[in-house]
Every structure is written in C-alpha cells, then in structure tokens.
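Worksheet: one structure, shown below.
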Amino acid sequence: MVRVQRPRLALGWKVDRSATGLPIRVGDRKPVKTGWEFTVSSNPGVMNVAYDLWLHDKDTADWQDQPTDEVMIRLNRQGGAGPLGSKYGSVSLGGAMWDSYQGDIGWKVYSFVRRTNTTKATLDLDDFTQALVRRKLLSNDKYVSGIESGTEVFQGTGRLDTKVYSVNIG
C-alpha cells in the first residue's frame with residue numbers, strides 16, 4: 001500500500017505573520033530554535049521524519065507562490081527512504097553528522113540526512129541554511145517563509161506520535 005498523505009506540523013505564511021515571526025531573511029541570521037521528540041511505530045515501511053523549510057525570493061510570498069528552494073532536515077528514515085538528488089558532501093551540525101544532497105523538482109531541494117536515526121532533536125535551523133550559504137548554494141537574500149515538520153511515507157503504513165514540538169524564531 002502507498003500512502004500519499006503528508007501529515008505536517010506547519011508554521012508559515014498561511015498563519016498570522018505577527019504570530020509566527022515568518023518570513024525571515026536568511027542573511028539576517030535569526031536563530032530558529034526547535035525541539036522535537038517523537039516516536040515511530042515499528043516496521044513503518046519506507047518513510048522519513050523531517051523538518052521542511054520553504055524559501056522564496058520575496059517576503060510577501062503566499063500559498064500561490066512556488067518556492068525557489070526547499071531545505072529538508074531528515075532526522076529519521078526507515079526502509080531505505082532516500083533523498084532527492086545527488087550527494088555533495090557532509091557536515092557536522094547540532095551535534096550530529098549529516099550527509100548533504102541537492103536535487104531539483106522545479107525548485108532546488110537541499111536535503112540534510114542524519115547519519116544515525118534519532119527520535120529527539122534540539123536544533124537551530126538557521127545553522128542548516130547558513131551551511132548552504134557557505135557553500136554558495138543559497139543566497140542571503142532568500143526568505144524562509146514556512147517551516148513544516150512531519151513524515152513522508154513512500155510505501156507502507158505506520159504511525160508518528162509527537163510528544164514535544166516547538167519552534168522559536170529570533
């Protein structure tokens with residue numbers, strides 16, 4: 001069975017801007033502190049659990065605007081779920097090693113895949129966008145307009161339960 005549904009915890013342009021703190025310009029280097037603790041059912045199939053950052057060229061993006069870039073931060077993957085694109089390197093961020101990938105689906109997709117699965121993370125998501133800026137893959141003039149978290153299920157069934165989740169900007 002293939003499940004297409006992507007349950008997500010979302011923070012972004014679809015919500016009152018004053019309540020979310022988004023969008024933020026990448027070059028402004030605002031911290032985006034996150035905490036997430038979750039469980040994944042045993043034998044969930046082919047899937048991953050990830051943060052998903054959406055970026056645009058303007059600070060007025062809404063749901064009709066296609067993103068220019070997407071940054072996926074994969075904390076947990078099961079059943080051989082792999083990222084889009086080709087591997088271009090590795091980086092140490094947030095106390096873990098991550099393999100970095102780049103692909104394109106009409107916009108650039110950058111994936112950071114944690115080398116060892118986790119079900120608990122405390123990260124500053126700005127560290128990941130800055131890693132892309134240092135490699136000249138992402139411009140300081142882009143805007144993070146949305147932050148989502150959840151699963152991508154490619155095959156099978158399973159369950160993701162979130163125990164703790166937070167995002168604090170600035």
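All of the numbers you see were taken from the coordinates with simple rules; none came from a lab. The structure presented is a predicted model; accordingly, all values stated were derived computationally and were not measured. No Cβ is skipped: glycine too gets one built from the backbone with ideal geometry, and neighbour counts run over all protein chains shown.
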Selection of trypsin sites (Lys or Arg not before Pro), the stretch 48-144, meeting DSSP coil and at most 11 other Cβ within 10 Å: Arg115, Lys136
Among Ile73, Ile24, Ile105: highest mean-square fluctuation, GNM of the chain, C-alpha pairs under 10 Å: Ile105
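Only sites in a loop by DSSP and with at most 14 other Cβ atoms within 10 Å count here; which chymotrypsin sites (Phe, Trp or Tyr not before Pro) in the stretch 96-170 make the cut?
Passing both the DSSP loop test and the Cβ count: Trp107.
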Highest-fluctuation residue, Thr116, Thr68, Thr151 considered, GNM on the chain with Cα pairs under 10 Å: Thr116
Which listed pairs, of Lys30/Lys120; Lys87/Lys136; Lys58/Lys142; Lys87/Lys108; Lys33/Lys108; Lys58/Lys87, have C-alpha distances above 19 Å, in listed order: Lys30/Lys120; Lys33/Lys108; Lys58/Lys87
Additional length obtainable on full extension of the chain from Thr60 to Asp99, 0.36 nm per residue less Cα span: 10.9 nm
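Only helical DSSP H runs with n ≥ 4 go in: add -39500 (n - 2.57) per run for the chain, normalise by residue count and round the 222 nm mean residue ellipticity to 500 deg cm²/dmol.
Here the helix-only value at 222 nm equals -2000 deg cm²/dmol.
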Among Val71, Gly103, Ser90 - extreme Cα towards positive end, dipole of the stretch 43-110, charges at beta-carbon: Ser90
Unit charges on C-beta of K, R, D, E only; dipole of the chain, Debye: 440 debye
Extension gain, Leu84 back to Thr116 (0.36 nm per residue minus Cα-Cα distance, nm): 9.7 nm
Of Gln64, Gln155, Gln102, the one that fluctuates the most in a GNM where the chain has Cα springs shorter than 10 Å: Gln64
Which of Ser42, Trp54, Leu123, positive extreme of dipole for the chain (C-beta unit charges): Ser42
Projected label distance in nm at Asp161 and Ala19, using a 7 Å step from Cα toward the beta-carbon: 2.8 nm
Under the Debye formula (equal points on every Cα, no solvent term), log10 I(q)/I(0) of the stretch 72-117 at q = 0.18, 0.30 Å⁻¹: -0.50, -1.15
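Which value, in nm² and rounded to one decimal, describes the direction-averaged projected area of the C-alpha convex hull of the chain?
9.3 nm²
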Where chymotrypsin sites (Phe, Trp or Tyr not before Pro) fall in DSSP loop in the stretch 30-74, at most 13 other Cβ within 10 Å: Trp63
